[in-house]
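Visitor: Dumping the structure here so I can ask a few things about it.
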Amino acid sequence: MSQSQLVLNIQRALKLNFVPAVCLQVIALGIGLSFFYWPASQPVFNFFAELKAQYGVGYAIASTALFGGLLPYLYLLLSGQVHFKPLRQLLFYCVLWAAMGWLVDEFYSLQITLFGSDTDVTTLIKKMAFDQFVFSALLTCPLLTLCYHYKDAQFNLKSTIMSLDKRLFLLYLPTTIITNWLVWIPSVLLIYLMPPMLQIPLFNLVLCFFVLVLAILNTDPLNGQA
């Protein structure tokens, strides 16, 4: 795949996701502002904070499987975008995002250990940079790219391995990383501004949208497979 095709893939990611990402940031900002400036919203925030405090990582696993796995899968299924092995895809989405829920919860704890729990500008920028340019760019984006490639190969491991070439990294990975930055750079700043017990709940709300976009972007535009 040529450099020009790489540029086209990045432009495709920007074009598809700029407006939805902005809309999502407005929603996330509204949630953040309501937490700080709308007292009537506190019972809702307290409810989710108490769930997270009570169940810990178990809450992160279950809620991320719901918001990142089950809900996006149901949308894709009802909109006719699940074209093969529906039960395998359901299992794929739920198990993958349950595991990611555990990983992200552990990472948020690591962020507190490394940088503390203050919400000053310097701490927020450090957490955002480590999140997006190290954790996401080097770990979660490549991992998700490979997992979705395996899913798009209809869960055929041999076919997945045989198709691991430059095309995968020039087509799927750049669009995943660009989409990730569009959605998550503003979002994680808001997430890290929240108390620790509310970070996973806000992450889950943003994630539901992100998974839908990820499913679309990791579909090969050249052959139209879902």
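The values are calculated or read from the model by the stated rules, or taken from the named source; none is laboratory data. Please read all numbers here as calculations on a predicted model, not as lab measurements. As a convention, Cβ positions derive from the backbone with ideal geometry for all residues, glycine included, and neighbour counts pool all protein chains shown. For the accessible areas, the whole protein counts, side chains as well, though only heavy atoms, and no ligand, DNA or RNA atoms are used. Shrake-Rupley method; radii C 1.70, N 1.55, O 1.52, S 1.80 Å.
Visitor: Considering only the other residues whose Cβ falls under 12 Å of the Cβ of D120, what net charge follows from Lys and Arg at +1 and Asp and Glu at -1?
Guide: Surrounding charge for D120 is +1.
Visitor: Measuring with a 1.4 Å probe in the full set of protein chains, what accessible area per residue, in whole Å², belongs to the range 60-115?
Guide: Value returned for the range 60-115: 49 Å² of accessible area per residue.
Visitor: Can you list the aspartates and glutamates whose alpha carbon is less than 16 Å from that of K151, not counting same-chain residues fewer than 8 positions off?
Guide: D220
Visitor: Within the range 123-164, which chymotrypsin sites (Phe, Trp or Tyr not before Pro) sit in a loop by DSSP and count at most 15 neighbouring Cβ atoms inside 10 Å?
Guide: Answer by residue number: F155.
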